[in-house]
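**Student:** The following block contains the structure, expressed as structure tokens.
Quick note: the coordinates plus some simple rules give every number you see, no bench work behind them. Remember, it's a predicted structure, so these values are computed and weren't measured experimentally. Cβ sites come from the backbone with ideal geometry, for glycine too, and all protein chains shown count toward neighbours.
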Amino acid sequence: MKLSIEVNGDRHDIDVDPETPLLWVLRDELRLTGTKYGCGVAQCGACTVHVDGRPRRACVAPVRSVVDKRVTTIEGVSGPTADAVRKAWVSIDVPQCGYCQSGQIMSAVALLTKIRRPSDEDIDHAMSGNICRCATYIRIRRAIHQAAGDAE
Amino acid sequence: MKSFSRNLWAATSLCVAIGLGCVVSCQRSRPPTSEPTWLPADRGLRSVADFAVISDDDERSRALFLEVAKVLQHDRCVNCHPAGERPLQRSGEPHQPLVVRGEDGFGAPGLGCDTCHGESSYLNMPGSPHWHLAPLEMAWEGKSARAICQQIQDPQRNGGKSPAELAQHMTHDELVAYGWAPPEQLEPAPGNQRLLGQLFQAWLDSGAVCPE
């Protein structure tokens with residue numbers, strides 16, 4: 001079935017089953033492989049993207065659900081908050097293996113968009129759905145605090 | 001928008017209620033007979049017609065609520081009526097990952113319910129429009145049928161709905177409907193939504209007496 005979706009500001013006409021997970025479309029159809037497949041059941045957060053500015057696990061979102069909405073992936077996230085997060089991530093050298101980090105960053109940007117100066121508790125509650133096998137959680141928290149300061 | 005949605009939940013939650021004044025003044029209907037309009041029993045939920053053999057009004061009313069409570073106390077409903085700050089899942093275990101109700105019942109900023117729960121169930125993921133937790137005052141977790149019956153008749157905990165609005169809610173609300181449309185790995189609530197609506201209306205009509 002032919003569908004038209006907007007990803008990172010670009011419109012894409014695709015021919016897929018509308019029940020296909022958005023994650024498959026991003027990675028296999030549009031070749032936007034920055035968004036990762038981790039668990040496939042919304043338990044790890046590696047596939048986090050933004051839909052109309054809100055975080056969404058792309059593995060449990062049928063592509064039909066994003067028609068007429070704006071999808072943003074790690075390749076397209078931008079603006080002062082995203083810039084501050086990127087700078088903090090590099091400065092603190094947050095990633096270890098890096099596999100989960102695009103999801104971590106998308107969740108961090110979503111949090112900082114909602115709360116400009118999050119507390120540790122705010123961070124824990126917003127980031128608890130993004131797991132990291134390398135256990136970079138302490139650096140992630142530091143980076144979010146640093147980005148919050150830089151974004152102001 | 002969130003405030004509206006919260007109010008909508010309060011107004012349309014499964015926490016159905018009637019005003020106490022109405023309990024006193026409502027005329028009781030005659031015991032139900034085998035009217036052809038009663039829906040048949042379905043998957044563990046009895047038909048209203050099955051209660052016609054109970055001639056005592058109070059006894060029949062109590063029995064009807066206990067039947068309604070089979071749905072209200074089911075995991076599909078109780079999991080999002082938790083007594084604490086976290087929802088439950090599956091057969092009542094803590095939700096994984098850790099999520100919290102947040103200020104409005106729609107989750108924490110940055111990790112709202114809609115991060116994972118879409119407008120309908122999809123693959124393993126439960127879903128329904130406006131997916132969120134019931135307010136704390138509407139918690140059902142760990143409560144008896146009697147306690148829930150009393151709770152939903154308390155204007156402070158029922159969203160202020162009229163009996164007609166409550167019956168409408170039971171029969172048509174989309175979030176209530178989810179109880180019978182979970183993903184494959186989860187057990188649906190007993191019966192079906194229309195049958196629940198009939199049982200609830202029959203309970204109202206019989207005087208809305210709470211079980212012991």
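**Student:** Output wanted: per-residue J couplings in Hz (rounded whole) for segment A:127-139, from phi through Karplus 6.51 cos²θ - 1.76 cosθ + 1.60, θ = phi - 60°, x for Gly and Pro.
**Tutor:** Using θ = phi - 60°, the values come out as 9, 5, x, 10, 9, 9, 5, 7, 6, 8, 4, 5, 5 Hz.
**Student:** Further question: Taking A:Lys2 as the anchor, which lysines have their alpha carbon closer than 22 Å to its alpha carbon, excluding any fewer than eight residues away along the same chain?
**Tutor:** Here the lysines satisfying the reach criterion relative to A:Lys2 are A:Lys69.
**Student:** Please turn the phi angles of segment B:132-141 into ³J(HN,Hα) values with the Karplus equation 6.51 cos²θ - 1.76 cosθ + 1.60 (θ = phi - 60°), one per residue in order, whole Hz, x for glycine and proline.
**Tutor:** 5, 8, 5, x, 4, 5, 9, 5, 10, 4
**Student:** Next question. Going toward the positive end of the dipole of the protein assembly as shown, with +1 on Lys and Arg Cβ and -1 on Asp and Glu Cβ, which of A:Gly38, B:Ala147, B:Gly197 do you reach last?
**Tutor:** Working it through, the farthest residue towards the positive pole turns out to be A:Gly38.
**Student:** Related question: When a footprinting reagent is the concern and you count Cβ atoms within 10 Å, what order do B:Leu186, A:Leu112 take, fewest first?
**Tutor:** B:Leu186, A:Leu112
**Student:** Hey, can you grab everything whose amide H is under 5 Å from the amide H of B:Tyr122? Only 5+ residues off in sequence or another chain; H modelled, so Pro and N-termini drop out.
**Tutor:** Here B:Gly127 satisfy the definition.
**Student:** Turning to a different aspect of this structure: If you average 1/r over every pair of different alpha-carbon atoms in segment A:16-83 and take one over that average, what Kirkwood value in Å do you get?
**Tutor:** Across segment A:16-83, the inverse of the average 1/r is 12.0 Å.
**Student:** Can you compute the helix-only [θ] at 222 nm over the protein assembly as shown? Use -39500 (n - 2.57) per DSSP H run of at least 4 residues, normalise by all residues, nearest 500 deg cm²/dmol.
**Tutor:** It lands at -10000 deg cm²/dmol.
**Student:** While we're here: When B:Tyr178, A:Tyr99, B:Tyr122 are ordered from fewest to most other Cβ atoms inside 10 Å of their Cβ, what list results?
**Tutor:** Ranked by crowding around the Cβ, least crowded first: A:Tyr99, B:Tyr122, B:Tyr178.
**Student:** Quick one: work out Rg over Rh on the C-alpha atoms of segment A:92-152, Rh as Kirkwood radius.
**Tutor:** 0.92
**Student:** Taking loop as defined by DSSP and a crowding limit of 16 other beta carbons within 10 Å, which trypsin sites (Lys or Arg not before Pro) in segment B:35-101 fit?
**Tutor:** Filter output for segment B:35-101: B:Arg43, B:Arg90.
**Student:** Each residue of segment B:207-212 in order: what ³J(HN,Hα) in whole Hz does its phi give by Karplus 6.51 cos²θ - 1.76 cosθ + 1.60, θ = phi - 60°, with x for Gly and Pro?
**Tutor:** x, 6, 8, 8, x, 6
**Student:** Given charges of +1 on the Cβ of Lys and Arg and -1 on the Cβ of Asp and Glu, with all other atoms neutral, how large is the dipole of the protein assembly as shown about its Cα centre, in debye to the nearest 20?
**Tutor:** So the magnitude is around 660 debye.
**Student:** For segment A:7-27 and segment A:44-105, what is the separation of their Cα centres, given in Å?
**Tutor:** Here the two parts' Cα centres lie 16 Å apart.
**Student:** Enter the per residue convex hull volume of the protein assembly as shown, computed from alpha-carbon coordinates, in Å³ rounded to the nearest integer.
**Tutor:** 138
**Student:** Arrange B:Asp56, A:Asp83 by Cβ neighbour counts within 10 Å, fewest through most, would you?
**Tutor:** B:Asp56, A:Asp83
**Student:** What size of dipole, in debye to the nearest 20, comes out for chain A about its Cα centre when the only charges are +1 on Lys and Arg C-beta atoms and -1 on Asp and Glu C-beta atoms?
**Tutor:** Approximately 280 debye in magnitude.
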